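The values are calculated or read from the model by the stated rules, or taken from the named source; none is laboratory data. Predicted model only: the values in this text are computed from it and were never measured. Backbone-built Cβ (ideal geometry, glycine too); neighbour counts: all protein chains shown. When the accessible area is computed, the model is the full protein with side chains, heavy atoms only, and any ligands, DNA or RNA have been set aside. Shrake-Rupley method; radii C 1.70, N 1.55, O 1.52, S 1.80 Å.
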Amino acid sequence: MLLIYINSVLVRRKAMQNKLSIGEMAKLRGVTVDTLRHYDKIGLLKPFHIDPETGYRYYSISQYEVLGTIKELRSIGFSLEEIKQFLTDRNVKKSVQSLQKSMANIQEEIKKLQGIHNILMTRLYNIEHFTNSYRNSDIVIKQFEEREYIQLDRSVAWTDTENLYFGYLELENKIGGIIPALASNKFGDFIKKEYFDEIRQSSDFSANLSDYQSQSFILVQGEESEQPTKKIEKGLFLCSYYGGLTSEKMLTQLKKLLHYCDTHDYIITGDAFRIMQVDVSLTDQYDEAYYEIQIPIQEKVISEQPSK
């Protein structure tokens, strides 16, 4: 009996020459043992030999090349099912067609990634430009071209922060987009001109905050939209910013802007609005969440008195 056992061991060792254990195969090809077990389970790459006594899996040298092909096809976007089909009854024509399809998918992915890259570059530029524009003063006059926007069809109380953000999400869903519109200086809401006189005279903003309503919007310049849009006319805007999420801070800065208009002979030509320039998706510090207030203005024309 011992002789029979020794002979079986010698036969098994001889049979395993030039074979790779599952661990050796995994290490040589840079995959995990679990991956090879999964490929065996789904019938993608079955071991050349399974030891009936130990259950150990062994692979042939030729399967080393097959596993390399599987890894390459995975890297260019093939699914496991597509790889399985690719490895079945292969010929040059069929392989070329599969690779051409993969090339088309890769080109589409490159186009998508380039679009994301351009969006992120624009957002980084906007944050830097916003910061630099207030380097010398907290009140500046800016010239804007015509801007298009989609407006929420309901008003939201200034004190209702939760509904304000739900409104932004609703607007974002209206335009779709490759990546979320947060951190994009697109969201804003209107501050009605009819509130200005009351704000000028108020010293305690917390008393009547619940009386103020605004309508949220999202800017859609440079984008295609199936939603009806409105326009903000081009022109001069008196601008300032504040940090934080409280309406009291916004009203304090708005009152400062109104006073500036009154003392520098500027005529306010419409509703003001605030744009979310740096939002809470970029920072945990609420004071770093910056909003910009923009008031449309024109210079007062002083008519010359006729000479006597």
Output for the stretch 77-103, where each listed residue is part of a loop (DSSP other than H, G, I, E, B) and surrounded by 12 or more Cβ atoms within 10 Å (Cβ to Cβ) = GLY77, PHE78, LEU87, ARG90
Where residues in the stretch 146-162 are among the polar types (S, T, N, Q) and surrounded by 14 or more Cβ atoms within 10 Å (Cβ to Cβ), which of them is nearest to the chain's Cα centre (by Cα)?
-> GLN151
Note on GLU170: of the conditions (1) of a type in the set (Asp, Glu); (2) modelled with pLDDT under 80; (3) open to solvent by less than 70 Å² (accessible area, probe 1.4 Å), unmet is (2)
So which of GLY23, GLY55, GLY30 is within 22 Å of ILE83 (Cβ to Cβ) and either at pLDDT below 95 or of a type in the set (Ser, Thr, Tyr) (or both)?
-> GLY30
Among GLU108, GLU148, the single one that is at pLDDT 90 or above, under 30 Å from GLY176 (Cα atoms), touching a Ser or Thr at 6+ places or on another chain (Cβ under 8 Å) and not in a loop (DSSP other than H, G, I, E, B) is GLU148
Taking the options ILE127, ILE116, name whichever one is open to solvent by less than 60 Å² (accessible area, probe 1.4 Å), more than 30 Å from ASP211 (Cβ to Cβ) and touching a strand residue (DSSP E or B) at 6+ places or on another chain (Cβ under 7 Å).
-> ILE127
Among the numbered criteria (1) exposed (fewer than 11 other Cβ atoms within 10 Å of the Cβ); (2) without any contact (Cβ under 8 Å) to a residue 24 or more places away in the chain, which single criterion is violated by GLN143?
-> (2)
What's the number of the condition GLN63 fails, among (1) open to solvent by 50 Å² or more (accessible area, probe 1.4 Å); (2) of a type outside the set (A, V, I, L, M); (3) farther than 30 Å from ASN185 by Cβ?
-> (1)
Looking across the stretch 66-76 at residues that are hydrophobic (A, V, I, L, M, F, W, C) and under 17 Å from ILE42 (Cα atoms), the single one that is most open to solvent (accessible area, probe 1.4 Å) is VAL66
